[in-house]
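Below is one structure; the comments refer to it alone.
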Amino acid sequence: MASTTVETREPDSEDPVVELRNASVTYDDGNSYVLDHVSMDVHRHEVIGVIGESGSGKSMLAESMLDSIPDPGVLRGQVRYNPSEGEPIDVLDLTTEELRQLRWEEISMVFQGAMSSFNPTMRVGKHFEETLSAHDADIDEGLAFARELLQDLYLEPDRVLNSYPHELSGGMQQRALIALSLVLEPELLVMDEPTAALDLLMQRSILRLLRELKEKYDLTMVFITHDLPLIAALADRLAIMYAFHPVEIGRTEEIVQNAAHPYTRALLNSTPNLDAPIEEMVPIPGSQPAPINVPDGCAYHPRCPLADEQCRSSKPDYVSVSDRHTSACYHWDDARDEIALNYSENLGDAARSGGDE
Amino acid sequence: MPGDEVVLSLEDIEVHFENKSSLLDFGGESETVRAVDGVSLDIYERDVIALVGESGCGKTTLGKTSIGLQRPTGGSVKYRGEDIWDIRDGKVDTDTEWADIRQSLQIIHQDPGASLNPNRRLVSILSEPLRQVNPNLSKQEKRERIYALLERVGMTPAADFAERYPHQLSGGEQQRVALCRALLMNPDVILADEAISALDVSLRVEMMDLMLDLQEEFDTSYVFISHDLSNARYFTAHSGGRIGVMYLGQIAEIGPAEAMIQDPHHPYTNVLRWATPDLSLQDAGEVPMRKIDIPDPVDPPKGCNFQTRCPEAREACRQADPQSYHAENQRVRCFREDEDHEYWESPELTD
Ligand code: SF4
Ligand code: SF4
């Protein structure tokens with residue numbers, strides 16, 4: 001049993017690569033928050049999955065790590081980057097030039113839709129050369145590494161490097177972009193829905209390859225997605241976003257088997273998957289709030305079956321559910337009893353005993 | 001549950017596109033893309049068929065061909081026994097008109113925003129199909145029906161929603177309007193082309209439930225196109241439907257939903273099963289294919305079309321194209337269904 005479940009390394013929580021403290025993004029003169037006071041760490045050598053539906057603020061979270069919030073959004077708070085060697089860096093204090101160097105070299109980012117990231121009139125190989133030279137890296141060495149990465153991603157290096165982007169399928173382009181994002185050996189790879197435009201078979205194949213890349217190169221990754229089951233087998237930890245901040249953060253097994261927030265449990269139950277008896281999948285009534293009218297108190301209260309007066313009037317803080325597992329809910333314990341997970345009988349003994357230890 | 005009467009019958013459908021070579025290849029020959037290559041399928045009354053497969057497998061082309069939006073280059077599409085393209089071309093003497101067929105076969109697209117006229121309010125968008133089906137309805141009657149249906153799909157207060165423009169709706173609401181518009185045509189078959197793929201995960205079940213609830217009231221069949229086996233399973237298993245797995249223009253395996261999930265026979269169905277994420281946290285293992293990328297449909301592999309990627313492929317798979325075998329509940333295009341086939345004696349393919 002133990003050998004077939006996903007092994008969880010304990011990423012070193014004493015050694016965060018990125019620390020966010022009260023990171024907020026506002027529009028409209030500071031009145032509407034699209035990222036709301038987020039404090040969380042990305043641990044070195046972990047994969048953290050950030051899960052959220054559209055309009056939950058998950059992309060803002062990704063972009064805040066590179067201080068690349070689109071105008072006119074304003075990012076406040078602290079974003080600290082700790083290189084494995086050298087002094088910590090306050091990302092929000094960097095000059096434009098310093099930020100340019102930080103991106104790709106230290107923290108790289110892959111978005112959905114490789115088409116818009118590649119210049120259509122330039123061969124793929126040229127993108128690698130330009131990236132290497134823009135960061136004063138050795139071109140020959142860099143290209144040799146690029147070839148290795150492409151091969152790791154099941155691509156033929158010669159063919160891909162000599163092609164124009166449009167000559168490759170969507171899945172090939174996205175893999176080439178992942179290789180490009182790794183060619184400078186960044187400490188952190190941030191991916192925002194990197195596979196969402198692809199069909200499921202290609203998505204899963206890429207996830208599998210990322211897992212192999214992660215082992216081979218000891219990567220740290222932040223993976224943003226709306227699709228919890230997709231990332232469950234790759235991520236060490238999950239952060240569940242609702243109304244512009246994470247409502248629950250914990251190790252993947254604990255979240256999947258014993259989530260401690262009503263929204264997470266509802267999300268798990270509403271997701272079609274091959275394990276759950278089909279009669280028991282239930283949609284979440286209502287919808288996420290827009291930035292301009294986030295409910296008072298707990299933002300989830302209008303949709304939450306456990307909401308009471310306290311939930312409606314004051315905003316819950318994070319409570320520690322167990323080691324490395326926090327939930328922003330007054331009634332996380334009741335949620336576990338009262339909102340049954342519809343696939344849990346298929347999870348075996350691990351699910352029933354797991355979680356609280 | 002599906003009825004006994006066949007609404008649509010596809011026989012040996014081929015859809016081949018001529019793809020003019022790019023200007024760079026001077027005098028290059030035009031290439032033929034075999035989007036659909038020999039598919040036969042019957043769709044019954046109140047039937048549900050999910051077509052699944054990766055991009056480029058031909059599922060959308062087959063779906064569009066089945067509802068008369070795409071003319072096949074070979075084979076026939078029959079609507080209640082009559083060849084729809086013969087009717088279209090005026091080759092047969094019948095009372096069935098092309099307009100009736102078009103009305104009976106409807107589509108909802110992946111992107112509902114693009115299929116709804118942005119300059120018209122919902123009440124006017126939804127009046128149009130009512131006018132076509134039932135020209136004698138008064139304005140008041142039309143309004144009443146539209147309000148009733150909007151309420152039925154959870155868009156309340158209906159009088160308020162009816163006055164909105166499409167851009168004032170969420171993606172899920174737009175998709176419900178697209179469904180309403182299709183249903184008001186009283187169709188026999190609705191093609192749902194990746195109709196839930198663009199919705200948030202938590203809204204997909206809701207939309208599928210709604211489509212299935214309304215199926216009974218409106219007495220319609222669905223052809224449901226998806227790249228996601230778990231959605232296909234949810235949609236078909238709730239309705240006694242079938243899942244058809246497509247690969248490079250052919251149906252590799254087809255059968256009842258639960259049999260396809262619990263007991264897949266074709267190696268490619270197994271690959272799709274692997275690709276469907278679950279919450280068991282079990283390590284699904286390496287990609288169970290020899291190659292990740294789908295071959296160019298201009299030049300499909302000889303023999304079995306899956307042989308270049310199939311983990312079970314043997315030399316015999318290069319030599320001939322497998323027929324469709326019966327396997328318990330499914331129909332399967334793979335030599336492994338024939339115990340006596342020379343496949344079992346031939347060497348494995350390893351490249
Ligand atoms: S704090 Fe209250 S309303 Fe919010 S999730 Fe917990 S129980 Fe529900
Ligand atoms: S016939 Fe051969 S190549 Fe084709 S699916 Fe069966 S085993 Fe694989």
Could you check residue A:221 against (1) more than 23 Å from residue A:303 (Cα to Cα); (2) part of a helix (DSSP H, G or I) and say which number it fails?
-> (2)
Checked segment B:290-334 for anything charged (D, E, K, R) and either assigned to a loop (DSSP other than H, G, I, E, B) or within 16 Å of ligand 1 (Cβ to nearest atom) (or both); matches are B:290, B:291, B:293, B:296, B:299, B:302, B:309, B:312, B:315, B:321, B:328, B:333
Out of (1) surrounded by fewer than 22 Cβ atoms within 10 Å (Cβ to Cβ); (2) modelled with pLDDT of 90 or more; (3) β-branched (Val, Ile, Thr), the one residue A:292 does not meet is (2)
Could you tell me which numbered condition residue B:143 fails, if it satisfies all but one of (1) free of Cβ contacts under 8 Å to residues at least 40 places away in the same chain; (2) under 28 Å from residue A:55 (Cα atoms); (3) over 19 Å from the mean Cα position of the chain (by Cα)?
-> (2)
Tell me, yes or no, whether segment A:234-249 has at least one residue that is over 30 Å from residue A:36 (Cβ atoms) and either within 12 Å of another protein chain (Cβ to nearest Cβ) or without any contact (Cβ under 8 Å) to a residue 24 or more places away in the chain (or both).
-> no
Residues located in segment B:271-288, provided they are surrounded by 22 or more Cβ atoms within 10 Å (Cβ to Cβ) and modelled with pLDDT of 90 or more = B:271, B:272, B:275
Helices (runs of 4 or more DSSP H) wholly in segment A:127-201 with at least 3 residues that are among the small types (Gly, Ala, Ser) - which ones?
-> A:139-152, A:170-182
Selection within segment B:56-86 - part of a loop (DSSP other than H, G, I, E, B) and either under 29 Å from residue B:214 (Cβ atoms) or modelled with pLDDT of 95 or more (or both) | B:57, B:58, B:67, B:68, B:69, B:70, B:71, B:72, B:73, B:80, B:81
Within segment B:306-324, how many residues turn out to be under 23 Å from the mean Cα position of the chain (by Cα) and either modelled with pLDDT under 95 or farther than 22 Å from residue B:243 by Cα (or both)?
-> 2
Of the residues B:58, B:74, B:38, B:63, which is closer than 28 Å to residue B:269 by Cα, within 14 Å of chain A (Cβ to nearest Cβ) and touching a strand residue (DSSP E or B) at 6+ places or on another chain (Cβ under 6 Å)?
-> B:58
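The values are calculated or read from the model by the stated rules, or taken from the named source; none is laboratory data. Since the structure is predicted, the reported quantities are computational estimates derived from the model, not experimental observations. Heads up, the Cβs are rebuilt from the backbone with ideal geometry, glycines too, and the neighbour counts pull from every protein chain shown.
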